[in-house]
1. For the chain, state the semi-axes of the equivalent ellipsoid (square roots of 5 times the eigenvalues of the alpha-carbon gyration tensor), sorted largest first and rounded to whole angstrom.
2. Kindly express, to the nearest 10 degrees and within the range 0 to 90, the angle between helix 378-413's C-alpha long axis and the longest C-alpha principal axis of the chain.
3. Alpha carbon centre of the stretch 521-549 versus the stretch 650-689: separation in Å?
4. In percent, what relative contact order does the stretch 533-662 have, based on Cα pairs under 8 Å that are 6 or more apart in sequence?
5. Please work out the C-alpha center-to-center distance from the stretch 466-497 to the stretch 292-336 and express it in whole Å.
6. Could you list, in their original order, any pairs among 628/745; 628/851; 186/308; 851/888 whose Cα atoms are separated by more than 19 Å?
7. In straight Cα distance, which aspartates and glutamates are under 12 Å from residue 790, not counting same-chain residues fewer than 8 positions off?
8. Below 22 Å, Cα to Cα, which lysines can residue 595 reach? Residues fewer than 8 away in the same chain don't count.
Amino acid sequence: MDTIGSVGLQPRERASNCPQEGMPRPPDSLELVQKCLQQFQVTKTQLQQIQASLLCSMEQALKGHHSPAPSVRMLPTYVGSTPHGTEQGDFLVLELGATGASLRVLWVTLTGTKEHSVEPKSQEFEIPQEVTLGTGQQLFDFAARCLSEFLDAHPTENQDLKLGFNFSFPCHQTGLDRSILISWTKGFRCSGVEGQDVVQLLREAIQRQGTYNIDVVAMVNDTVGTMMGCELGTRPCEVGLIVDTGTNACYMEEARHVAALDEDRGRSCVSIEWGSFYDAKALGPVLTTFDQALDHDSLTPGAQRFEKMIGGLYLGELVRLVLVHLTQHGVLFGGCSSPALLSQGSILLEHVAEIEDPATGTAHAHTILQHLGLSPQASDAEMVKHVCAAVCTRAAQLCAAALAAVLSRLQHSREQQTLHVAVATGGRVFERHPRFHRTLKEVVTLLVPECDVSFIPSVDGGGRGVAMVTAVAARLAAHRHVLEETLAPFQLDLEQLTVVQAQMREAMARGLRGEASSLRMLPTYVRATPDGSERGDFLALDLGGTNFRVLLVRVAEGSVQITNQVYSIPECVAQGSGQQLFDHIVDCIVHFQQKQGLSGQSLPLGFTFSFPCKQLGLDQGILLNWTKGFNASGCEGQDVVYLLREAIRRRQAVELNVVAIVNDTVGTMMSCGYDDPRCEIGLIVGTGTNACYMEELRNVAGVAGDEGHMCINMEWGAFGDDGSLGMLSTCFDASVDQASINPGKQRFEKMISGMYLGEIVRHILLHLTSLGVLFRGQKTQCLQTRDIFKTKFLSEIESDSLALRQVRAILEDLGLTLTSDDALMVLEVCQAVSRRAAQLCGAGVAAVAEKMRDNRGLRELSVSVGVDGTLYKLHPHFSRLVSATVQKLAPHCTVTFLQSEDGSGKGAALVTAVACRLAQTAMADGLSKNDAITPD
Ligand code: 0WK
Ligand code: BGC
Ligand code: BGC
């Protein structure tokens, strides 16, 4: 029989509280005792089965498997790193639940140096039973009273009190300071707490107490506090093991193995909550009738079965139940029991530990048994010692099997053949029970001989460890506060957006009247959206977005066929001379014509030129100023159609008939209008941003005629260049503007469009890094490099399908070393910047829609918006946020956003087709070309 440390038993005298002579010991008492204590003997095989079953349950829970529900919980604790000892400061620690019905308050000073440590000040408070079984409010008010009593007794100048809450019960944490109690254990059963955030409950109680302003910044399980509090020269403890009233362990798991965590780097501490471990096959055979009885009469029958075989709250009770059993069978105390022996919980952990003391155990046994109203014989005391030994040995063996499972898990997750690990231990069973620790070590060595395990007893019950976690939490909370303060100006509320909408409406009205306004409201000479009768082949150019494209657009009955070629505009050309730029454009056209076999053909050409142009006609556009990084000389103030024609002329042997110049917003509106005639607004949110819409001709000063409509290019990128957006502009916007090639210009664009959002984010990241909030304050070269943080990163980082880990990957490719907290903050910065951009864009569209509704005196307006632009198309949330803002600001407008599939090149071709059709009709009627296109 491969039993371990079997307890031998010798025959003894009768007890005395019965008739003097007491009842003779039954003949089979030896066997009866052996049978009774044999139940507590666990074989190596059984321990290995428990080890294997617990390991399996741990891995199921880590993977987030729910069916069958693993019996251990594997709860993330949001403690990502073992202490690096640099934590500093004074911290309050409130311990609740680690050592039964008592509460402890500590004042811990972290010096940040291993050499110099300050002894914590602490005070223990007994928790009355009516509180442990009362309401949650009672319990937390009791805790708050103890805190203030402690602070009254330990006055401090430091008003900024940070508290770590050492709460030793199973909690579902979603952050260091967000922790939902899953279920009470260990004799606690306060109502109204399970399912609640215990950090919030404590904060509210401290508020109700109202004596001290204490900031609860972290909730820590006692196993974590114990692990974090231990220091072992070079190697930190990576397992925390508690055996006190309850039992549990935590350890540093590879973060990528914790399904509940969106993390793939580094390690994260997991609280196993092995107290709830149960597996009928592995644990069933080890359960004794006494365990069944104890569980049945416990506060939580069926729960915490494993804990009830190990935890100090139960060891005494198990011993008591065995003693009652043996007494009832006349084996002990001459069969004479006592009310105390028959009453639940009368034998405490301390009693068992004292009885087990090799030196004084027997004496203690006598004292304790007499204290229980029994009159023990010497043999009875010995017998009781055997019973204690049997119960505690089994507890240590089971605890060892569980720890062996954790060590096997560590070996496995670290792919290490030989594991060297330090285990921090805490709890009175460890501290007080003479043999528990030794038995545990022996059995661990037996079960996982390849693991080199060192056990480090916790010096202060984890107080320092909790303070360390609190220090980290306080640092993160402070960082979060700085982050929220930094991003607050980016959170625009409805009132602010309504102001932007109103200001845009005024600027539109002033621009249409030709008065000073940051919105130029440029007439485009496009009077109608396509009616489907357009036909023919057209060339189109699309300049001003991310790509320069030359397109061949074949417009036939009910179909538009597009062939296009993307060409790059090198920065040196975009910022070179105008002649260079337009010669480059003509080179591309010639290359395209050759490639498409169109050489020598003079197809009508529509030129999408996405820059602010004062149009004098459909084919005349005076460039007002460059935007979006273009700055070719000798163009501003010039008719760009003329510049193009000049370039064509310079290139001899090329015939091109430039018919129309359109803005990309107009091209996009026309392109989408071809399929949806209600499309009367064009919107671009790409490198730049802008909008156009069909305005009532009567409202357009400087253009003759009152009938009909004309498409107005708002050039809203310049909105606010008169300072009207000053109240929204942040220091980061100012930095981006100052660093741009057109400072003071395009302020609205610089808050919205793709060319600038990445830069705004980079400046915010630099600011947060300089405050030490990000990247450990390391300002890397790359972060100081202009335009290194592309706006497309925002779209990637904010995509829901991207786990935090991928966010890290993007940032690490930028040469940044970062923690997952850093990655989370970068994500929030991106979200704040893109949200503001989308909201401002939405406020603009709402202003246009409301203008059209007013123009037409309609109660309800239904209009479609043709949209294009990389940012709008690729960003995961931008379009939804724009639409949501429009609904809030223009509730009487039903605005449908149509993403343009073919870009504005098609639109330019359609405008050209309309112009050509009107010209032919006019010719047929004997009118000039221009009068044709712009009838009046
Ligand atoms: C595609 C359109 C083009 C426009 C561009 C804007 O065809 O006219 O300029 O979208 O988006 P971006 O390329 O700047 O992201
Ligand atoms: C609790 C654990 C705790 C352990 C030791 C158990 O009852 O569920 O959270 O760590 O006791 O105190
Ligand atoms: C230009 C507009 C253009 C917009 C979108 C702005 O910078 O001024 O003309 O429509 O970008 O490309």
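The values are calculated or read from the model by the stated rules, or taken from the named source; none is laboratory data. All figures in this text were calculated on a predicted structure; none of them were measured in a lab. Cβ coordinates were reconstructed from backbone atoms using ideal geometry, including for glycine residues, and neighbour counts include every protein chain displayed. Ligands, DNA and RNA are stripped out before the accessible areas are found, and what is left, the full protein with its side chains, is counted by its heavy atoms. Shrake-Rupley method; radii C 1.70, N 1.55, O 1.52, S 1.80 Å.
1. Each semi-axis is √(5λ); the values are 81, 26, 24 Å.
2. 20
3. Using only Cα atoms, the two centres lie 3 Å from each other.
4. With pairs under 8 Å counted, the relative contact order is 27 percent.
5. One Cα centre to the other: 51 Å.
6. Numbers: 628/745 11 Å; 628/851 27 Å; 186/308 9 Å; 851/888 16 Å.
Beyond 19 Å between Cα atoms: 628/851.
7. Excluding near neighbours in sequence, the set is 759.
8. Residue 595 reaches 906.
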